[in-house]
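A.B. asks: Handing you this structure, nothing more for now.
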Amino acid sequence: MRGSRRGRAALCVPAVLAAVPCAAAGDGDRTEDRRPNIIHIMSDDHAWQAIGAYGHPLMRQAQTPNIDRLASEGMMFRRAYVENSLSTPSRACLMTGLYSHQNGQRRLDGGMDTSVTFMPELLQQSGYTTAVIGKWHMLCEPKGFDYYRILRGQGEYYDPVFKTPDSEGYVRQSGYVTDLITDYAIDFLESRDRSKPFCLFVHHKAPHRNWQPDTRYLDLYEDSEFEVPATFDDDYSSRGPAASHQQMSIDRDMTLVYDLKIHQLRDQHDKYNKWELDVVDSQLGRMSAEQREAWENAYGPRNVEIVEGRVEDKDLARWKYRRYVIDYMRCIRSVDDSVGQLLDYLEREGLLENTVVVYTSDQGFYMGEHGWFDKRFMYEESYRTPLIVRYPSMIDAGTVSDALVQNIDFAPTYLDLAGTDKLPSMSGVSLLPLFASDGKAPEDWRKYLYYHYYDYPAEHSVMRHDGVSDERYKLIHFYGPEGSYDEFYDLQSDSSELHNIIGEESVQSHVERLQRQLEAFRTQLAIDEY
């Protein structure tokens, strides 16, 4: 495995951590506190379809061996969901164990109630050393962390800037973002206070739009043919206006210059907005000479057919899809490498058996299903997220869970692992009963999940909606200035959610049942808009 640590000087670490004596390599931690360590690895926009262990056809052409290793040695959740399919709200749910309206972070553009207790604060109080490395993407300073090194906003793929508690603002670092995050995470592990258990959040930028791979992977999968989803040409005929009015279509909304790296078209100013051109110029300008040369050598020859207009309009959407998926998978390859490096480090240091390693994403993502990229909707590809947990002390290797779990459950779970009670205000529940039962849901486990998306009007123009789902059925309520309407799906007979059957007599008892449950959620959770 090629790691960016090779050949580089040791990275700077805070003096307070660097001063702590280290145990010998392979000796584990010299502490009487045997509570488990926790590493929460979260990528940005990583679709469950893009992980080999989930068995999706997309992965016939790509590999994620290290994430798959976690699944083979731990528990894979097949019904893990988010409460609000959007990056910043999802991160707020993780940190607080609260729904979006409870923690204030309903949209991307602010609102977080910083008086709310963050889960890492409680872990600190219970004796854990805490850190977050990588993407923070919340409009507040990290709190509850002994150390952090975070990206600015969405972060950059090449030579990104990071901020620490001791730095004067954000400082540019040389390298590829996924490698740097991994290096900084390992530096923290090497320099931490080894008398305490730790909880480390490793938050990757990748594979967030606009999918810029490491230069060493610019040729990876170039000869692969990824299967176009069966729903790629969906006409949305059975659904309400939200599915048609969205602005996340690969055909209409994925851009040739910004998304697909055909910067030779930058001079056609009449076709591209100034924001897009400025971003592209900034991204190209921050590359080193070596990075830019590799970029030009890779994309230049592949862009010729588009620049010269040799791809017909009817074929352009599929051309875009292929370029998008290949670059996305290249970014995933670096994330998978990172997982492998972290596992190798834990194994070398004798920490692997007593460390809970979690892999997840901040939400799901569309890989061309319904002709889309991005997320936001309560439809499965966006609503559902990958979740894999390795912890040999409690979880048998190769187990699978179909219990309904949600991202508000992380905070209670980590507190439970630390032997600390969750706050009474937290809406999530601990997953430990599932760890102890081979993933089978106890009798008193939740039967329904609540979802709410608020970020409209905004980028991608997805209408506001809330909804409820059980193991088989889903009820979605869309609302806003344009009016309101409901959709209902039977995931057993229609896993692609192509047929809104809200009016069919055969399912009316289930529609009414889910409607009662939706109203119960709204009342119990004091939902103030729908």
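The values are calculated or read from the model by the stated rules, or taken from the named source; none is laboratory data. Only a predicted model underlies this, so the values are computations on that prediction, with no experimental measurement involved. Heads up, the Cβs are rebuilt from the backbone with ideal geometry, glycines too, and the neighbour counts pull from every protein chain shown. Each accessible area value is taken on the protein alone, full model and side chains, heavy atoms only, with ligands, DNA and RNA left out. Shrake-Rupley method; radii C 1.70, N 1.55, O 1.52, S 1.80 Å.
A.B. asks: Accessible area per residue for region 49-97 in Å², computed with a 1.4 Å probe and the full protein assembly in place, what is it? Kindly include the intermediate steps, with their values, before the conclusion.
C.D. replies: Values: 1190 Å² over 49 residues.
Per residue, region 49-97 has an accessible area of 24 Å².
A.B. asks: Also, I was wondering about something else. What is the set of long-range amide H partners of residue 250 at a cut-off below 5 Å, with H atoms built 1.01 Å from backbone N?
C.D. replies: Excluding prolines and chain starts, which carry no amide H, the hits are 372, 373.
A.B. asks: Rolling a 1.4 angstrom probe over the protein chains, ignoring ligands and nucleic acids, what is the accessible area of residue 501 in square angstrom, nearest 10?
C.D. replies: 20 Å²
A.B. asks: With every protein chain left in place and a probe of 1.4 Å, what is the accessible surface of residue 205, to the nearest 10 Å²?
C.D. replies: Near enough 10 Å² of accessible area.
A.B. asks: Two decimals is fine: what is log10 I(q)/I(0) at q = 0.17, 0.18, 0.21 Å⁻¹ for region 115-182, from a Debye sum with one equal scatterer on every Cα and no solvent?
C.D. replies: Listed by q, the Debye log ratios stand at -0.63, -0.69, -0.87.
A.B. asks: Let me ask something additional. If you scale each eigenvalue of the Cα gyration tensor by 5 and take the root, what three semi-axes come out for region 176-254, rounded to whole angstrom and sorted largest first?
C.D. replies: On the way: eigenvalues 317, 80, 24 Å².
Three semi-axes, in Å: 40, 20, 11.
A.B. asks: Kirkwood hydrodynamic radius of region 328-397 from all distinct Cα pairs, in Å? Kindly include the intermediate steps, with their values, before the conclusion.
C.D. replies: Details: mean 1/r = 0.0704 Å⁻¹.
Computed over region 328-397, the radius equals 14.2 Å.
A.B. asks: Arrange the residues 305, 83 by how much accessible surface each exposes, largest first, with a 1.4 angstrom probe. Before the final figure, lay out the partial values.
C.D. replies: On the way: 305 70, 83 0 Å².
My answer, sorted largest first, is 305, 83.
A.B. asks: Let me ask another. Based on the alpha-carbon set only, what is the convex hull volume of the chain divided per residue, in Å³? Spell out each step's value before the answer.
C.D. replies: Values: hull volume 79.7 nm³, N = 530.
With only Cα atoms used, the chain gives 150 Å³ per residue.
A.B. asks: Add -39500 (n - 2.57) for each DSSP H run of 4 or more in the chain, then divide by its residues: what number comes out at 222 nm, to the nearest 500 deg cm²/dmol? Show your work: numbers first, answer last.
C.D. replies: Working: 14 runs with 154 residues, N = 530.
Calculated mean residue ellipticity at 222 nm is -9000 deg cm²/dmol.
A.B. asks: Leaving out same-chain residues fewer than 8 places away, which lysines sit with a Cα under 25 Å from that of residue 205?
C.D. replies: Within reach: 135, 143, 163, 261, 274, 320, 375.
A.B. asks: Rolling a 1.4 angstrom probe over the protein heavy atoms, how many square angstrom per residue are accessible across region 436-511? Numbers along the way, then the final one.
C.D. replies: Working: 3440 Å² over 76 residues.
Accessible area per residue, region 436-511: 45 Å².
A.B. asks: Could you name the lysines in cross-link range of residue 447, using Cα to Cα under 23 Å and dropping any fewer than eight places away on the same chain?
C.D. replies: Cα-Cα hits under 23 Å: 422, 474.
A.B. asks: How do the peptides 440-446, 56-62 rank, highest first, by the average count of neighbouring beta carbon atoms within 10 Å per residue? Walk me through the intermediate numbers first.
C.D. replies: On the way: 440-446: 11.6, 56-62: 16.3.
The peptides rank, most packed first, as 56-62, 440-446.
A.B. asks: Using the Kirkwood formula on the Cα atoms of region 38-99, what hydrodynamic radius do you get, in angstrom to one decimal?
C.D. replies: Numbers: mean 1/r = 0.0754 Å⁻¹.
It is 13.3 Å.
A.B. asks: With a ≥ b ≥ c taken as the square roots of the eigenvalues of the C-alpha gyration tensor of region 457-530, please select rounded if a/c is under 1.5 and otherwise prolate if a/b is larger than b/c or oblate if it is not? Walk me through the intermediate numbers first.
C.D. replies: Values: a/c = 1.93, a/b = 1.26, b/c = 1.54.
It is oblate, given that a/c is not under 1.5 and a/b is not larger than b/c.
A.B. asks: If you take every DSSP beta bridge whose two residues both sit in the chain, what share of them, in percent to the nearest 5, is antiparallel?
C.D. replies: Values: 30 of 57 bridges.
Percentage antiparallel, nearest 5: 55.
A.B. asks: Over all directions, average the projected area of the Cα convex hull of region 366-448 and note it in nm². Could the numbers behind the result be given before it?
C.D. replies: Numbers: hull surface 27.7 nm².
For region 366-448, the mean projected area of the Cα convex hull comes to 6.9 nm².
A.B. asks: Amide H neighbours of residue 38 under 5 Å, at least 5 residues apart or on other chains, H built in the peptide plane: list them.
C.D. replies: 198, 199, 200, 356
A.B. asks: At a Förster radius of 22 Å, what calculated FRET efficiency corresponds to the Cβ-Cβ distance of residue 281 and residue 305, to the nearest 0.05?
C.D. replies: Numbers: r = 24 Å, r/R0 = 1.08.
The value I calculate is 0.40.
A.B. asks: With a Förster radius of 25 Å, plug the Cβ-Cβ distance of residue 289 and residue 222 into 1/(1 + (r/R0)^6) and report the FRET value to the nearest 0.05.
C.D. replies: Values: r = 23 Å, r/R0 = 0.93.
It comes out at approximately 0.60.
A.B. asks: Label point 7 Å out from residue 526 along Cα-to-Cβ: which residues of region 79-98 have amide N under 17 Å?
C.D. replies: Hits in region 79-98 for residue 526 at 17 Å: 97-98.
A.B. asks: What number comes out for accessible area per residue over region 152-239 if the probe is 1.4 Å? Units Å², please.
C.D. replies: 35 Å²
A.B. asks: Heavy atoms of the protein only, probe of 1.4 Å, neighbouring chains included. What is the accessible area of residue 425 in Å², nearest 10?
C.D. replies: 70 Å²
A.B. asks: Moving on. Check cross-link reach from residue 440 to the aspartates and glutamates: straight Cα distance under 19 Å, and skip same-chain residues fewer than eight apart.
C.D. replies: Result set, ordered by chain and number: 73, 396, 402, 409, 416, 470, 471.
A.B. asks: Same structure again: Roughly how many nanometres apart are two label points built 7 Å out from the Cα toward the Cβ at residue 115 and residue 504?
C.D. replies: 4.9 nm
A.B. asks: Name the long-range amide H neighbours of residue 81: under 5 Å, sequence gap of 5 or more, or other chain; modelled H, no Pro or chain starts.
C.D. replies: Close amide H contacts, sequence-distant or interchain: 385, 405, 406, 407.
A.B. asks: Roughly to the nearest percent, how much of the accessible area of the chain is carbon and sulfur, given a 1.4 Å probe?
C.D. replies: 47 percent
A.B. asks: Further, regarding this structure: Quick one: Debye curve from the alpha-carbon atoms of region 238-308 only, equal weights, vacuum; give me log10 I(q)/I(0) at q = 0.11, 0.17, 0.18 Å⁻¹ to two decimals.
C.D. replies: -0.36, -0.72, -0.78
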